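Novice: Once you've had a glance at the structure underneath, I'll fire off some questions.
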Amino acid sequence: MTPNKEYNALSIEVLEGLEPVRKRPGMYIGGTDVHGLHHLVYEIVDNSVDEAMQGFGNRINITIHADDSVSVRDFARGIPTDPHPKMKVSALEVVMTTLHAGGKFDSGAYVQSGGLHGVGASVVNALSEWCRVEVRQKGKVFVQEYERGVAKGPVKPVGKASDTGTLTVFKADPTIFDNIDYEYDTLAQRFREMCYLNKGLMIVFKDERFGKENELTFYFEGGVMSFVRHLNKNRKTVCDPIYIERKVGTSVAEIALQYNDSFSESVFSFANNIHTIDGGAHLTGFRGALTRTLNDYARKSNILKEQDSNLSGDDVREGLTAIVSVRLSNPQFEGQTKGKLNNAEIKNVVEQATSEGLMQYLEENPSDARRIIEKALTAARARDAARKARDVVRKNAGESSTLPGKLADCSERDPARSELYIVEGVSAGGTAKQGRDRRTQAVLPLRGKILNVEKARLDKMLANEEIKALITALGAGIADLWDESRLRYHRVIIMTDADVDGSHIRTLLLTFFFRHMPQLISGGYLYIGMPPLYRVSSGKEEHWVYTDRELDDVLKKMSNKDKVNLQRYKGLGEMNAEQLWSTTMNPETRTIGQVTIEDALVADETFDMLMGNVVAPRKRFIQTHAANVKNLDV
């Protein structure tokens, strides 16, 4: 499209009402894929949860209907329906059709809420093919209907009501979204989390699609303490869950923590029900108070002697599972994603709550207290051994003179243009080295299965030769030593065989990256290579096939079906260098999938269940899902 040469007042387009939302939906819900689709549901449900946070209504009914519409019914106060003094129409119509209109700007209406900008309901309305809202209040049922954000008529009473609350029914606009296909399990996980964070809240979630009705009810009287128990269900615990709650002014801190016998830390923070994945002031306050209180108790009870060094933050957080949830009246988040809480005052609230509550528990439960301190002391001893190995990692990271001998590096020195293939086995590594583009592609072959870091402490992990080679080749360090500016490749591709062993090696690598290099995943640098499963040929006709589903389509299209040669590839070493290049390494023809973390809580549970010490949950998982296994589609 050739731009107009003239640029004047006529070039300036003014979008009115909800037009900006339909024109640029990504600005409001992040995109028009399945995540944006789910965001519509979250916006309406969050409004009902905000009501529950104020003490109005403790039940929410959510249903995905057979026609892909969604209804959310709460039993709270109901959206106001009386005339708005400024807009001269019903307040319900203002809320549903006007951006930045809602009760969350008035501290008297909502002391605490997750929504801050007053765009939730109106955005959902704008991006819906149709929407209908029923409000029960003042003994009447008030209704208004909309099409693509525009009211079809005024708010009107249609009958009597004996209760209060709001029912919102909407159908996402198929002209906006890529497809209207809600993921039941993803939504259920979010609603479960909401009920953990709001003890006493009940959510009933139904799915009426596919000719059958699924229904789940979430209700947790223990709140965040039940949350911690759930996260530790596959782990051997060291102590009982510890629950702390404190209120200071309009701010509330709820904390639950429990130690287990693992070597990893699983601490998750929330502010007004929003998962603050990057932490913030509340998490800083918790961590500082945890370290200080455990050291104070260890000194006071003479477990730590005068000549002993204090326990570090890493020591006291090894094997810790914790939920830090705060509610405050004016949360200040960093960034559009609300990933980090910046309210400085909440740090003191959480610090005080943690110090007082934890010290009280330790003094009342000396046996648990001793087990916790001894676990931290064991971690401290391992930390001393690991320090030397970490110094080696810090010294060697990014220095070409110390790169592992097995690494076939590329000539390109710009990380943005460089990629590293992590290849299973010496044989496949040799083939990959021959077939690669030496300018931009490096190859690191790994011998056998790397250490399962879910079951190993840091010192043992850093002594493993394969892991040391991996850390040194990437150059950016690990965990708190991570320095993204020293990362040598901006595309790291795991390439393993398409068999059980290959899947296991891939899982071991993913476990290592998730636990010790999460920045590699969050930065968008980690990928999984997809070698073909089949080679289908007939005469001069040849097809490389990557999934079983694709195989059926290819076989149907073959011109000479009587003379088809089908070859199943189980290992990378079965291909020669030219074939590996054309199918798996050539950027023009290959298929690779980017590794992302949609939900760190779910990922933490999954890695613990698949790679942890407890066998029974893993066995149940395999037995449950064995019949549903599919080849990875990218």
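The values are calculated or read from the model by the stated rules, or taken from the named source; none is laboratory data. From a predicted model like this one, the values you see are computed outputs, not experimental measurements. Don't worry about glycine lacking a Cβ; one is built from the backbone with ideal geometry, like all the others, and counts go over all protein chains shown. These area figures cover heavy atoms from the full protein model, side chains too; ligands, DNA and RNA do not enter into them. Shrake-Rupley method; radii C 1.70, N 1.55, O 1.52, S 1.80 Å.
Novice: Please label the shape of the range 189-330 as rounded, prolate or oblate, based on the square roots a ≥ b ≥ c of the eigenvalues of the alpha-carbon gyration tensor (a/c under 1.5 means rounded; beyond that, a/b larger than b/c means prolate, else oblate).
Specialist: prolate
Novice: Dipole size in debye (nearest 20) for the range 259-331 around its Cα centre, Lys and Arg Cβ +1, Asp and Glu Cβ -1?
Specialist: Rounded to the nearest 20 debye, it is 340 debye.
Novice: State the answer as a single residue: which of Gly285, Leu201, Ile244 lies farthest towards the positive end of the charge dipole of the range 169-315, with beta carbon charges of +1 for Lys and Arg and -1 for Asp and Glu, about the Cα centre.
Specialist: Value: Ile244.
Novice: FRET efficiency for Ser537 and Asn342, Cβ-Cβ distance as r, R0 = 51 Å, nearest 0.05?
Specialist: 0.25
Novice: Ok, one more. Relative to the present Cα-Cα distance, how much length would full extension add between Lys570 and Glu245 at 0.36 nm per residue of separation?
Specialist: 111.5 nm
Novice: Please compare each pair in Lys23/Lys171; Lys236/Lys455; Lys233/Lys375; Lys300/Lys375; Lys236/Lys449; Lys23/Lys206 to a cut-off of 21 Å on the Cα-Cα distance and tell me which ones are over it.
Specialist: With Cα atoms farther than 21 Å apart: Lys236/Lys449; Lys23/Lys206.
Novice: Also, I was wondering about something else. I'd like the accessible area for Glu363: 1.4 Å probe, protein heavy atoms, all chains in place, Å² to the nearest 10.
Specialist: 90 Å²
Novice: What ranking, highest mean first, results for peptides 303-315, 566-578 when packing means the other Cβ atoms within 10 Å averaged over each residue?
Specialist: Packing proxy ranking, top to bottom: 566-578, 303-315.
Novice: Need one number: nm distance between label points at Asp414 and Asp384, each 7 Å from Cα along Cα→Cβ, rounded to one decimal.
Specialist: 4.9 nm
Novice: OK, next. Between Ser162 and Asp480, how high is the FRET efficiency from 1/(1 + (r/R0)^6) when r is the Cβ-Cβ distance and R₀ = 60 Å? Nearest 0.05.
Specialist: The pair Ser162/Asp480 has a calculated efficiency of 0.55.
Novice: State the answer as a single residue: which of Leu481, Pro518, Met558 lies farthest towards the positive end of the charge dipole of the range 481-562, with beta carbon charges of +1 for Lys and Arg and -1 for Asp and Glu, about the Cα centre.
Specialist: Checking the options against the dipole of the range 481-562, the answer is Leu481.
Novice: Have a look at Leu362, Ile373, Gln352 and report the one farthest towards the positive end of the charge dipole of the range 331-373, computed about the Cα centre with Cβ charges (Lys/Arg +1, Asp/Glu -1).
Specialist: Result: Ile373, furthest along the dipole toward the positive end.
Novice: Here is a further query. What full-extension length gain, to one decimal in nm, is calculated for Ser367 and Met27 as 0.36 nm per residue of separation minus the Cα-Cα distance?
Specialist: Extending this stretch completely gives an extra 117.1 nm.
Novice: Can you bin the range 130-198 into rounded, prolate or oblate? Criterion: square roots of the alpha carbon gyration tensor eigenvalues sorted a ≥ b ≥ c, rounded for a/c under 1.5, prolate for a/b above b/c, oblate for the rest.
Specialist: oblate
Novice: Run the dipole for the range 392-530 about the Cα centre, Lys and Arg Cβ at +1, Asp and Glu Cβ at -1, nothing else charged, and hand back the magnitude in debye, nearest 20.
Specialist: For the range 392-530, the charge dipole is close to 220 debye.
Novice: For a quick check of understanding: with a 1.4 angstrom probe and all protein chains in place, what accessible area in square angstrom does Met87 have, to the nearest ten?
Specialist: My reading of the accessible area for Met87 is about 90 Å².
Novice: Now a separate question. For the range 485-547 and the range 165-244, compute the distance between their C-alpha centroids and round to whole Å.
Specialist: 32 Å
Novice: So for the pair Asp181, Ser312, with labels modelled 7 Å out along Cα→Cβ, what separation do we get in nm?
Specialist: In this crude spin-label approximation the distance works out to 4.7 nm.
Novice: Might you work out the accessible area of Arg229 for me, using a 1.4 Å probe with all protein chains in place, and round it to the nearest 10 Å²?
Specialist: In the full protein context, Arg229 sits at about 120 Å².
Novice: Another question, if that's okay. Can you tell me how much longer the chain between Arg438 and Thr596 gets when fully stretched, taken as 0.36 nm per residue apart minus their C-alpha distance, in nm with one decimal?
Specialist: In short, 54.1 nm is gained.
Novice: Just how large is the dipole of the range 199-343 about the Cα centre, in debye to the nearest 20, putting +1 at every Lys and Arg Cβ and -1 at every Asp and Glu Cβ?
Specialist: Charge dipole, the range 199-343, about its Cα centre: 200 debye, nearest 20.
Novice: Still on this structure, I have one more. For the full complex of protein chains and a 1.4 angstrom probe, list Arg417, Arg136 by accessible area with the highest value first.
Specialist: Largest to smallest exposure gives the sequence Arg417, Arg136.
Novice: Further question on the same structure: What distance in nm lies between label points placed 7 Å from Cα along the C-beta direction at Glu147 and Val426?
Specialist: Taking the simple label geometry, Glu147 and Val426 are separated by 7.2 nm.
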